[in-house]
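Everything on this sheet refers to the single structure shown next.
The values are calculated or read from the model by the stated rules, or taken from the named source; none is laboratory data. If you're wondering where the values come from, they're calculated on a predicted model, not measured in any experiment. All Cβ positions, even for glycine, are placed from backbone atoms using ideal geometry, and neighbour counts span all protein chains on display.
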Amino acid sequence: MPSADLTIRIARSLAEIDPAKWDACANPADSDSQQPDSKYQEERFNPFITHAFLNCCEASGSAIAKTGWGGAHLLVETAEGELLACAPCYVKTHSYGEYVFDHGWADAYERAGGNYYPKLQVCVPFTPAPGRRLLVKPGAQEAKARAMLIAGLDALMEKTSASSAHVTFCTKQEYEDLGERDFLKRTNKQFHFFDRGYGDFEGFLNSLASRKRKAIRRERKDALASGIEIEWVTGKDLSEAHWDAFFEFYMDTGQRKWGTPYLNRRFFSLLGQTMAERVLLIMAKREGRYIAGALNLIGDDALYGRNWGCVEEHPFLHFEVCYYQAIDFALSRGLKRVEAGAQGEHKLLRGYEPVETYSAHRIADPRLEQAVAEFLRHERAQIEQVIEAYAEHTPFRKGELQQGE
């Protein structure tokens, strides 16, 4: 590696890494270090890149080599063992659980006689939430550590005979930096809610066009018309009974959508044991029985919606539990953003605005690289056009501030 005083190594699991050292890189504003004035620090705390969350994925058996997620976490250290940078990296034998779809690339390469797997994936397993992926501790050697992290990814790609390396749901700054290092750049879209100083849900409704405001009021009323009650459960109030109920919802939705859900029951228990204060379950109850729920994680700046499920179907209940209650909670906590996960154009009419998401890709075979680069050039233009079109159809009154203004 290009430094005499820094070294890079691979950890096969999060359990091998000191949690405090990892988190000092992942969320430096939450550590003892001073809040850095850095273009890379876009938010104060992201729960998904913490040692605790990533370790829940592995310790539960959800993201391990046996399930196609072989840990290969990159660590940049000083000679004294200080961790300066790290990246959650996996040797993948499939493309499931990523939400940035490259199945077409894999199929084309395999048909041409190549081996697309293994590949490297720098990401948070099963989590389409944007955030930093190259986790660098602020300090005098920040730039050098970041460069070594990227060089280490290239070296690991060669060492494992990986066809490619993918840094997904990264920040825009990381996307630009990796693009300057000849990674291919890819964009997509999500829908996020932004607090424009509403104060509460009624303040948010008052920002909408009259017809849209009335539609949301009607949806919220109809969602609870069958005597359904909503509970917010977080922190010490979380119990195994809550997780039992939620896991039933999660399994039902997962089996209907993609066959085999990615997360097992132990994951949720570990999450409750290690991150309870960062967990919000929004649970719907009817006649004393939980019938639906949504799992959210709480950052310092945002509420992140993750999983939803139900055992009873009721009109608009999904919208109430996943979107409206999330807005309610975020406004009550002073959170400036709600990220409601991947896809879902129906979120647009419910106050969620279109935003770009970013990923960067290194492909070893120049023939595949050239084909993918051409595909991505067209895809980026299409995504830009789609976001512009969506932005013209938000439910806000004319003149209301929109994302980016």
Verdict on residue 222 being over 26 Å from the mean Cα position of the chain (by Cα) and surrounded by 13 or more Cβ atoms within 10 Å (Cβ to Cβ): yes
Out of (1) at pLDDT 95 or above; (2) within 18 Å of residue 219 (Cβ to Cβ); (3) surrounded by 19 or more Cβ atoms within 10 Å (Cβ to Cβ), the one residue 247 does not meet is (2)
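In the range 324-353, what count of residues is obtained for those that are in a helix (DSSP H, G or I) and in contact (Cβ under 8 Å) with a residue 60 or more places away in the chain?
14
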Residue check, residue 327 β-branched (Val, Ile, Thr) and either in the same structural domain as residue 44 (by TED's automatic domain parsing) or more than 27 Å from residue 171 (Cβ to Cβ) (or both): no
Restricting the range 149-175 to residues that are within 19 Å of the chain's Cα centre (by Cα) and surrounded by fewer than 19 Cβ atoms within 10 Å (Cβ to Cβ), which is nearest to residue 357 (Cα to Cα)? 172
Which listed residue, of 181, 146, is at pLDDT 95 or above and surrounded by fewer than 18 Cβ atoms within 10 Å (Cβ to Cβ): 181
Qualifying position, being part of a helix (DSSP H, G or I), modelled with pLDDT of 95 or more and touching a helix residue (DSSP H, G or I) at 6+ places or on another chain (Cβ under 6 Å), among 218, 213: 213
Which of (1) crowded, with 22+ Cβ neighbours inside 10 Å; (2) within 23 Å of the chain's Cα centre (by Cα) does residue 266 not meet, given it meets every other one? (1)
Could you list, in sequence order, the residues of the range 123-137 that are touching a helix residue (DSSP H, G or I) at 6+ places or on another chain (Cβ under 7 Å), of a type outside the set (S, T, N, Q) and within 19 Å of residue 187 (Cβ to Cβ)? 124, 129, 131, 132, 133, 134
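Taking the range 271-323, which residues are in a loop (DSSP other than H, G, I, E, B) and within 22 Å of residue 49 (Cα to Cα)?
Scanning the range 271-323 gives 299, 300, 301.
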Name every residue in the range 345-364 that is surrounded by 15 or more Cβ atoms within 10 Å (Cβ to Cβ) and farther than 24 Å from residue 134 by Cα, in order of residue number. 347, 348, 349, 350, 351, 352, 353, 354
Report, by residue number, each residue of the range 354-393 that is among the charged types (D, E, K, R) and either modelled with pLDDT of 95 or more or assigned to a helix (DSSP H, G or I) (or both). 356, 362, 365, 367, 369, 374, 377, 379, 380, 384, 388
Considering only residues that are of a type in the set (Gly, Ala, Ser) and crowded, with 24+ Cβ neighbours inside 10 Å, which ones fall in the range 46-69? 63
Test: residue 188 is in contact (Cβ under 8 Å) with a residue 24 or more places away in the chain and under 30 Å from residue 385 (Cβ atoms): yes
From the list 350, 289, 377, pick out the single residue that is of a type in the set (Lys, Arg) and in the same structural domain as residue 247 (by TED's automatic domain parsing). 289
